[in-house]
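Colleague: Handing you this structure, nothing more for now.
The values are calculated or read from the model by the stated rules, or taken from the named source; none is laboratory data. Just so it is clear, the model here is predicted, and its values are computed rather than measured. We place every Cβ from the backbone using ideal geometry, glycine too, and count neighbours over all the protein chains shown.
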């Protein structure tokens, strides 16, 4: 490896021609506009901005490539792969060419005064841009030379390290309204800033053309794990493209198009790799990802994508619509991998779906995946696959063992915590209520993916009542069995009212009376009679009131636990 100097003007010339390109396995732009402004400001103040890593290219490119974002189509042969430095060079190219769609960068013509601590504020100003209904770019002043100049600003694009002398002169003449002396002074000031930009050294570490692709990849990974760690997918992308010459990013775009709901549950990249690992009879963990036959992943991609789409469909059919309600993400790749082996005949298919549904809910309500989930999911996958292929018994999967993974007891259901937290059993209890219908107590609308976005976690026995009068700890108050999802309006209307009162109000307002309210509560697997309690304010004795609240609450939890267990 060799260290070399290279100024920004040279960098831009090589980006413009296409001699410098990005390996396609690299992440896309990730910097926000604060990072971009800080970078340009550092250059104008001649502060260091780090170095880059470049792989020189011999006769054949080791990786598939793409130009930097915003750069023109290549016109010359690629001679360098930019392994590290993408964010900096992309930020410079796009800001200096004013190619960001929603922001324009300006430089203050006069250096700002230091603050009370002696720190110089940024010299860069960014202006948010948007398009009006009639197609004009707003704010209008950002495209008006005189208005920009009156604000003490100039477009950063006038500092780009290329021949912009004619455009700069025209801008200066327009800014000062034809005052020749003022225009030449302004032009000189901008030329000085441009020279700083052109001459600024952005050094590079160079791997020569004899470096093997695997070695370059290893250096890339090690250099990119210090600030923002690469995940397994980033590394697999590099290997996939090096071996197949195809873009795994393109496969992920394809997966998102085929299954747009997937991101509601988990990272598509992670699910794709986990599914591929299971299909290859490997644990769906990081160690297995690096052992995958990537050519097989490419060849069977349509099957993998179809399996993932089907897995999401199964979750939706069971009323699990997003990661906030999903008890364990472990099930998604298992279902996706099983899809290829589903029997096509109607009766056999229905039987298989019954087993898969049983597997799904047992994964939610038992402790099977609380530890070592990768190993256990592979064990379950193998047994389920063998059953689908008529090579194994129906309940051979370890998850069906009543000895090791028995259904939760009444006490375990009562102890399950608040489902907004990541507790498997708590989310399973909530999931059962959504599966049962989860009609809103007030407006009667059923829970759907879209409606869940506007539903809130509600304490059936009000939190304040249990806290202030029942003197129960937060863990006792916030239990899965004391929770349902209802609309924001219903939640605000119920507020801290005791159950008897808010149920009476619901009965009065429901067109069909008590029967409607009972049905709506039943749709959440909630017992009406045990919830229809109250009158605590009329109990004068603090101790008696506390005792009554606690007894009613315990009776309610126990009854609902019985209903959930038998559901």
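Colleague: Listed residues 522, 545, 560, 506; which is within 17 Å of residue 437 (Cα to Cα), buried (at least 17 other Cβ atoms within 10 Å of the Cβ) and either at pLDDT below 85 or assigned by TED's automatic domain parsing to the domain that holds residue 464 (or both)?
Modeller: None of the others qualify; the one that does is 560.
Residue by residue, here is whether (1) under 33 Å from the mean Cα position of the chain (by Cα); (2) at pLDDT below 90 holds:
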residue	(1), (2)
55	yes, no
59	no, yes
73	yes, no
76	no, no
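Colleague: Just to be sure, is residue 414 assigned by TED's automatic domain parsing to the domain that holds residue 473 and assigned to a helix (DSSP H, G or I)?
Modeller: For residue 414, the condition - assigned by TED's automatic domain parsing to the domain that holds residue 473 and assigned to a helix (DSSP H, G or I) - is met.
Colleague: In addition: Looking at the range 289-298, which of its residues are more than 23 Å from the chain's Cα centre (by Cα) and not in a loop (DSSP other than H, G, I, E, B)?
Modeller: Hits for the range 289-298 are 294, 295, 296, 297, 298.
Colleague: Okay, next question. Identify, please: which residue in the range 50-63 is touching a helix residue (DSSP H, G or I) at 6+ places or on another chain (Cβ under 8 Å) and buried (at least 17 other Cβ atoms within 10 Å of the Cβ) and is, among those, farthest from residue 159 (Cα to Cα)?
Modeller: Restricting to residues being touching a helix residue (DSSP H, G or I) at 6+ places or on another chain (Cβ under 8 Å) and buried (at least 17 other Cβ atoms within 10 Å of the Cβ), the top hit is 62.
Colleague: A further question follows. Say we look at the range 275-287 and pick out the residues that are part of a helix (DSSP H, G or I) and touching a residue at least 40 places away in the same chain (Cβ under 8 Å); which of these is surrounded by the fewest Cβ atoms within 10 Å (Cβ to Cβ)?
Modeller: 286
Colleague: If you don't mind, another one. For the range 386-404, enumerate the residues that are surrounded by 15 or more Cβ atoms within 10 Å (Cβ to Cβ) and in contact with a helix residue (DSSP H, G or I) (Cβ under 6 Å, 6 or more places away or on another chain).
Modeller: Matches in the range 386-404: 388, 392, 396, 397, 399.
Colleague: Would you mind finding the one in 447, 358, 383, 372 that is modelled with pLDDT under 90 and out of contact with any helix residue (DSSP H, G or I) (no Cβ under 6 Å at 6 or more places or on another chain)?
Modeller: None of the others qualify; the one that does is 372.
Colleague: Please verify whether the range 325-344 includes one or more residues that are farther than 23 Å from residue 481 by Cα, out of contact with any helix residue (DSSP H, G or I) (no Cβ under 6 Å at 6 or more places or on another chain) and surrounded by fewer than 21 Cβ atoms within 10 Å (Cβ to Cβ).
Modeller: Scanning the range 325-344, I find at least one residue that is farther than 23 Å from residue 481 by Cα, out of contact with any helix residue (DSSP H, G or I) (no Cβ under 6 Å at 6 or more places or on another chain) and surrounded by fewer than 21 Cβ atoms within 10 Å (Cβ to Cβ), so the answer is yes.
Colleague: Follow-up. I'm checking my understanding of the structure. Among residues of the range 258-271 that are in a helix (DSSP H, G or I) and touching a helix residue (DSSP H, G or I) at 6+ places or on another chain (Cβ under 6 Å), which one is surrounded by the fewest Cβ atoms within 10 Å (Cβ to Cβ)?
Modeller: Ranking the qualifying residues of the range 258-271, first place goes to 258.
Colleague: Moving on. For the range 128-141, state whether one or more residues are closer than 21 Å to residue 39 by Cα and in a loop (DSSP other than H, G, I, E, B). Even if it seems obvious, please write down each step before you answer.
Modeller: Taking the range 128-141 first, the residues closer than 21 Å to residue 39 by Cα are 128-129.
Now narrow it down to the ones that are in a loop (DSSP other than H, G, I, E, B): 129.
There is at least one residue in the range 128-141 that is closer than 21 Å to residue 39 by Cα and in a loop (DSSP other than H, G, I, E, B).
Colleague: Is it the case that residue 419 is in contact with a strand residue (DSSP E or B) (Cβ under 6 Å, 6 or more places away or on another chain) and at pLDDT 90 or above? Break it down stepwise before answering.
Modeller: Numbers: in contact with a strand residue (DSSP E or B) (Cβ under 6 Å, 6 or more places away or on another chain): yes; at pLDDT 90 or above: yes.
So residue 419 passes the test.
Colleague: Same structure, new question: Residue check: is residue 442 part of a loop (DSSP other than H, G, I, E, B) and buried (at least 22 other Cβ atoms within 10 Å of the Cβ)?
Modeller: No.
Colleague: Further question: In this structure, is residue 528 more than 37 Å from the chain's Cα centre (by Cα), assigned by TED's automatic domain parsing to the domain that holds residue 415 and at pLDDT below 95?
Modeller: Yes: the conditions hold for residue 528.
Colleague: Let me ask something else about it. When the range 103-121 is examined, which residues are found to be surrounded by 12 or more Cβ atoms within 10 Å (Cβ to Cβ), at pLDDT 90 or above and in a loop (DSSP other than H, G, I, E, B)?
Modeller: Within the range 103-121, just 109 meets the criteria.
Colleague: Would you tally the residues in the range 1-11 being part of a helix (DSSP H, G or I) and within 13 Å of residue 82 (Cβ to Cβ)?
Modeller: 1
Colleague: Every residue in the range 461-493 that is within 16 Å of residue 553 (Cβ to Cβ) and touching a strand residue (DSSP E or B) at 6+ places or on another chain (Cβ under 8 Å), please.
Modeller: Once the filter is applied, which keeps residues that are within 16 Å of residue 553 (Cβ to Cβ) and touching a strand residue (DSSP E or B) at 6+ places or on another chain (Cβ under 8 Å), the range 461-493 yields 466, 475, 477, 478, 479, 480, 482, 483, 484.
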